[in-house]
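Shown next, in structure tokens, is the structure this report addresses.
The values are calculated or read from the model by the stated rules, or taken from the named source; none is laboratory data. All figures in this text were calculated on a predicted structure; none of them were measured in a lab. A quick note on method: Cβ atoms are made from the backbone with ideal geometry, for glycine too, and the neighbour counts reach across all protein chains shown.
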Amino acid sequence: MLSQKLKNAPEFAGIYQFFNASGMLLYVGKAKNIKNRVKSYFRFSGTLAPSPTLSLRITKMILEVSDVEFIVVQSEHDALILENSLIKQLKPKYNILLRDDKTYPYIAINLAERFARFEITRKIVDTKHTRYFGPLSGSAKALLEALYLVFPLVQKKGCLKGKKACLFFQIGRCLAPCEGRIAEQDYREIVEKALSALSDQRKLLALLDERMQEASLKLNFEEAAHLRDTRIAIQNALHVTHVELKKLEDYDVFAIEATEKTAVVMRLFIRHGKIVSTSHSLLHNIYGFEKDELYQRALFEFYYPMNQSFATRVLTAEAFSEQAEMERFLSEKFQQKIEIFVPQKGEKQALTTMARHNAQEILLQNLSKNQSSFAEQLQNLFDLATPPRRIEIFDNSHHGGSAPVGAMVVWEDGFAKNAYRRYALCHSDEYAQMHEMLTRRIEDFAHEPAPDLWVLDGGETLLKLARSLLEKHRMSIDLLAIAKEKRDAKAYRAKGNAHDTVYNLKQAFVLPAHDKRLQFIQRLRDEAHRFAITYHRSKKRKNDLSLELQNIEGIGQATIQKLLNYFGSFEALYAATQEELEVTVGKKNATNIINFLKK
């Protein structure tokens, strides 16, 4: 009898396993005291029933339980390890399994070697003589390539076994220690500079910029392009490195966001006060999730394969019940004190907030990627002709009529940024701007086919404008417009609290602020607004800078365009030397520009 087994359960640390009437394993759990833990699932009142304090997922599981078995172990530590092993091997129906078994790459260098070499590794072995940088997720290869481009380091594993310099020496990317062309101490100084650059990637990016400029001046455009691509790869991979702490500290940050059946575990890795990489796991479970269990499993499965933790402090967005136990487990495993805590204010709280926002964004993206069902929901609600697979969203931006621009962003299983378009517009009022932008887009249908749906940032007037333009060109596209809620005659953009109105050609829709379909349309509108205003600010700044330069004697619009074609941007132009300017506009004009910029 199940009730008798529960009453006779051992009062030691260990594992319990719940089974249904068919012998199927439903759940594996661990406990400091098995008896107390298993009894907490039930209410003993004549017949066994689920405890009223249980979550919906665990209540469903308990209703299926017909049998229970126990495994006694020596300690909580052993119970945690055994629980993880059984969950991964047996995959019980109601357990949460983080299917993220990948290990994360590090850049490592063994400083005990005479001519040490940087390399990518996924195993941390020798921590006495080897320096590790990471975990680095997607940026490891780009960072290693950048080191090789900037510093003359040993690059191949077998380099020192040979006695003759290789191609890298011939192209100036190695100093041939294999031939004894560089002393150990001199090479060690190069390694120290590389270590410094790797610790502060702003230094590495600055060095890449210097090399890129040198290559351009030597007209070595192929090398300059390679340096540029490497720099972009690092910058893209480290897209959140603008976040820096005042103290050069190391943290691992965990945040979890979940809907009814989907959850995201988001991780940020902070090294020397900077975010060096991120990773996440996306989980699906038809029985739902509990944050407590998710946090415990997320930390355990991340740290258990490691033999060293590089961050002794772990920040979590929320407290969880097994926090103290997990601290003890990690401290024992790594033989050093590991702290797990929820920051309440300041920079550390900003990190957990960022992790939560990223997790929420991934959840929303996942919702949108489930395109078939969600697209059909949009079709049914807004009476569209087809489920929208490709959506184009339009917005414009100007400042008092100056520097008017338009923007089109594209949604197709996510924001398709390579399909975004910017429009430099001629008109100063918003109606005429939208007319110009939509007309140009229609004329481009031959090269870029029409989408399923247009979404306009505005009200019914712009919707009718779009319909008339499409009818004029005998085109048929579903149309929606979203108008911002007005408060005191001003647009109100507060996320999750703004009651925006969505229009089709027949009616207006005022949806609850929490409605996922409204939030999706708002997100599309906000991305178009962001893209438009970014372009507007850039164009206005260029106009202002161009007008400044035209005040210089001998410098007109044609000369300015020639300078921009050569330097690529006003920023690069303003940073140019006299010699660089002379190459393009001659000595006299170069002198005039330099003198003007010094004012």
Out of the residues in segment 504-538 that are of a type in the set (D, E, K, R) and buried (at least 19 other Cβ atoms within 10 Å of the Cβ), state the one that is modelled with the lowest pLDDT. 527
When segment 192-223 is examined, which residues are found to be of a type in the set (Gly, Ala, Ser) and closer than 16 Å to residue 580 by Cα? 215, 216
For residues that are farther than 14 Å from residue 150 by Cβ and of a type in the set (A, V, I, L, M, F, W, C), scanning just segment 198-223, find the one that is surrounded by the fewest Cβ atoms within 10 Å (Cβ to Cβ). 219
Does segment 32-43 contain at least one residue that is out of contact with any Cys (no Cβ under 6 Å at 6 or more places or on another chain) and assigned to a strand (DSSP E or B)? yes
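Every residue, every condition in (1) surrounded by 12 or more Cβ atoms within 10 Å (Cβ to Cβ); (2) assigned by TED's automatic domain parsing to the domain that holds residue 77; (3) over 38 Å from the mean Cα position of the chain (by Cα), yes or no:
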| site | (1), (2), (3) |
| --- | --- |
| 14 | yes, yes, yes |
| 29 | yes, yes, no |
| 43 | yes, yes, yes |
| 52 | no, yes, yes |
Residue 23 fails exactly one of the following numbered conditions: (1) under 21 Å from residue 89 (Cα atoms); (2) surrounded by fewer than 18 Cβ atoms within 10 Å (Cβ to Cβ); (3) modelled with pLDDT of 90 or more. What is the number of that condition? (3)
Pairs where the first residue, in segment 188-205, is polar (S, T, N, Q) and the second is buried (at least 16 other Cβ atoms within 10 Å of the Cβ), C-beta under 7 Å, 6+ apart: 201/234; 201/238; 201/241
Output the residue which, of all residues in segment 293-328 that are surrounded by 19 or more Cβ atoms within 10 Å (Cβ to Cβ) and among the β-branched types (Val, Ile, Thr), is nearest to the chain's Cα centre (by Cα). 316
When you go through 421, 441 one by one, which is the residue that is surrounded by 14 or more Cβ atoms within 10 Å (Cβ to Cβ) and closer than 13 Å to residue 475 by Cβ? 441
